Structures are given as structure tokens and as C-alpha cells.
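Data block below; observations after.
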Amino acid sequence: MQNDEMVSKEETEKLYQKLDREAEAGGYHLNPDVQFTEELVEGLIVNEKRYGYRACPCRLAAGVKDEDLDIICPCDYRDADIGEYDACFCGLYVSNAVVDGKKQVGSIPERRPANAAKRQVQMESGVTSVPYPVWRCRVCGYLCAREEPPETCPICKARKERFEKFIDSASQKR
């Protein structure tokens, strides 16, 4: 790290505590490996100092916010990664099974399209071409578009089984 990007233990601890509170309040969990998680938090701080936003510390940011919107933590791919692999790409956020010690975090493949033009098309696609099913929490009405519903509703904390498929993805209708 360059001198202007040094991160103090206090900065790291302060952001760690903030992210942990926000994650738990939203039905998410930070990785229980505290040392590993603190290193990721430090990377978020470095990227915030470098770019002005918290780009994922495990991805190469362009340094242009509009091009990096999908990888600003928590990134657009977090929920799908947790649903399929029990952790997000960098391992900052993990599933209940990891927190409970029932599963371990392994290698997570990159979901982010390599081409910026492909990412732009994904962001501009309208409701008529939703690439994922839309799930609705039957308790509070929260909607999310992803392969599977979240483990816990970030709004009302209802469990996964309380979600219903609200809209099928475009690929399923064909």
C-alpha cells in the first residue's frame, strides 16, 4: 500500500462494526473469520480512499464509479453467490450455514461480465426482460430478482420459505 492509502486499526474496526450491524439488521452475516474479514474491510477502506467508493477489494475496479456500480460493496452479485456458494465472491458475506459451521467457504466463480458493454446492457434491461425470477416476501411484500429467494427477508426477517415466485425470468418463459 502507498502511504496515502494506509489504514489504521481504528478505521478498520469502526467500518467492521458498522458493516456487521448493517449486515445483521438486513438478514446477512459477515464472515466469522475475523482476521480475514478485517483484511477485506481494510481493502474496502483503501478503495474508498483511492476511488471515492467502496469497490469490492477482490475485483479490479476501473476507478470510474459509473463503470463500477455493480461491484460497490455490497455488490450486485452478493445474493446470488450466497445462495449458490454460501458466500459472496470475496467472502465478506456468508450464509447461515457458514456462520453455524455447517459449511465452509470455498472458491466462488466470478459472475461479473468481463465486458463493460455487457454490464451496461444488463443495467438497462427493463422489466420485460428480467434475467432472473422475481421473488416476493408474502409477509411484507419485499421484491428481489435472483435465482433463489434470500435466506432471510432483509425487511421483515421472514425465512426463505415465506417467499413466492412473483415473476418468472425471461429464460423460463421461452
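The values are calculated or read from the model by the stated rules, or taken from the named source; none is laboratory data. Everything numeric here is computed off the predicted structure, so don't read it as measured data. Every residue, glycine as well, gets a Cβ built from its backbone with ideal geometry; the counts of neighbours run over all protein chains shown.
Scan the range 108-147 for residues that are at pLDDT 90 or above and hydroxyl-bearing (S, T, Y) and jot them down.
Y142
If you go through the range 149-162, how many residues are under 18 Å from D81 (Cβ atoms) and in contact with a Lys or Arg (Cβ under 9 Å, 6 or more places away or on another chain)? If you could, list the steps in order and put the result at the bottom.
At the first step, the residues of the range 149-162 found to be under 18 Å from D81 (Cβ atoms) are 149-152, 154, 160.
After this cut, where a residue has to be in contact with a Lys or Arg (Cβ under 9 Å, 6 or more places away or on another chain) as well, the list is 149-152.
Here the count works out to 4.
What residue, among those in the range 1-16 that are exposed (fewer than 12 other Cβ atoms within 10 Å of the Cβ) and in a helix (DSSP H, G or I), is modelled with the lowest pLDDT? Walk me through how you get there before you give the answer.
Taking the range 1-16 as the starting set, the residues that turn out to be exposed (fewer than 12 other Cβ atoms within 10 Å of the Cβ) are 1-4, 8-10.
With in a helix (DSSP H, G or I) added as a condition, the list becomes 3-4, 9-10.
On the way: N3: 45, D4: 54, K9: 96, E10: 96.
Only one residue fits best here, namely N3.
Does D20 qualify as being closer than 23 Å to I155 by Cα and in contact with a helix residue (DSSP H, G or I) (Cβ under 7 Å, 6 or more places away or on another chain)? Steps first, answer last, please.
On the way: closer than 23 Å to I155 by Cα: yes; in contact with a helix residue (DSSP H, G or I) (Cβ under 7 Å, 6 or more places away or on another chain): no.
Judged against the criteria, D20 is not a match.
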